[in-house]
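The values are calculated or read from the model by the stated rules, or taken from the named source; none is laboratory data. Only a predicted model underlies this, so the values are computations on that prediction, with no experimental measurement involved. FYI the Cβ positions are ideal-geometry reconstructions off the backbone, even for glycines, and counts take in every protein chain you see. For accessibility, only protein heavy atoms count, side chains too; no ligands or nucleic acids. Shrake-Rupley method; radii C 1.70, N 1.55, O 1.52, S 1.80 Å.
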Amino acid sequence: MKNPIHKRLEKLESWQHITFITCLCERMYPNYHLFCQVTNQQENARIYHNILNLVWEYLTVKDVKINFDNQLEKLENIIPDINDYDFYGIVPAVDACEALSELLHTIIAGSTLEQAVKVSQLSIQTVAIFLETELERELSEQELKNSDEIEQELDIQWQIYRLLNECEKRDISLISGLKTDLREQMISNIGIKIDC
């Protein structure tokens, strides 16, 4: 599905791309958290969240030193195998891990625009698959565009983009504010709510 935001992301700087991706990962985290709860792997959810915390720290603390190769290794150890589970919850859980993996690769390798677009599409795709699973049929692009869930996902991505786009330079209070807002809501892109 084409999202006009992808062209606009080109205007942002790398710290803005990384913040954008981190926000989307934060929104996908409850999907992974719920999967871990259902499958009795709460420790994995804690590891995922710790990695995310380190990225927020990287964005807000000057000269902080974090070994992201090491964090990527930790993440790779907690990605569930989609073939080991036969229920829908595995799909958004793996998507959440893929998004976080893209985020870490972005920080390590530094190619931020491509990854920002990729994670934006991945988050939309998670919502699309959720809708198709619920309705038990494939949806056309038009049906997806008209759905409240996709509309909401696009709105939130635009809100994050607009806030970042208004910044001339890295704004620590804005980044911290985005983190706080997302953590207070703790609602995922497919409506999973968790209490932390």
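Matching residues to (1) in a helix (DSSP H, G or I); (2) under 15 Å from residue 156 (Cα atoms); (3) aliphatic (A, V, I, L, M):
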{"residue": "3", "(1), (2), (3)": "no, yes, no"}
{"residue": "7", "(1), (2), (3)": "yes, no, no"}
{"residue": "23", "(1), (2), (3)": "yes, yes, no"}
{"residue": "30", "(1), (2), (3)": "yes, no, no"}
{"residue": "40", "(1), (2), (3)": "no, no, no"}
{"residue": "49", "(1), (2), (3)": "yes, no, no"}
{"residue": "53", "(1), (2), (3)": "yes, no, no"}
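Checking every residue in region 40-55 against the condition of being touching a Ser or Thr at 6+ places or on another chain (Cβ under 6 Å), surrounded by 19 or more Cβ atoms within 10 Å (Cβ to Cβ) and farther than 20 Å from residue 150 by Cα gives at least one match. Of everything in region 180-190 that is of a type outside the set (Val, Ile, Thr) and touching a residue at least 60 places away in the same chain (Cβ under 8 Å), the residue that is most open to solvent (accessible area, probe 1.4 Å) is 183.
What pairs can you find where one residue is in region 110-132 and acidic (Asp, Glu), the other is surrounded by fewer than 18 Cβ atoms within 10 Å (Cβ to Cβ), and their Cβ atoms are less than 6 Å apart, with a gap of 6+ or different chains? From region 110-132, the pairs are 132/138; 132/139.
Residues are listed down the side, and each one gets a yes or a no for (1) free of Cβ contacts under 8 Å to residues at least 12 places away in the same chain; (2) over 18 Å from residue 186 (Cβ atoms):
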position	(1), (2)
10	no, yes
15	no, yes
22	no, no
35	no, no
40	yes, yes
45	no, no
51	no, no
54	no, yes
58	no, yes
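Among what's in region 70-126 and is in contact with a helix residue (DSSP H, G or I) (Cβ under 7 Å, 6 or more places away or on another chain) and of a type in the set (D, E, K, R), pick the residue that is surrounded by the fewest Cβ atoms within 10 Å (Cβ to Cβ). Per the criteria, the residue is 74.
The residue list 137, 170 contains one member that is in a loop (DSSP other than H, G, I, E, B), open to solvent by 80 Å² or more (accessible area, probe 1.4 Å) and in contact (Cβ under 8 Å) with a residue 24 or more places away in the chain, which is 170.
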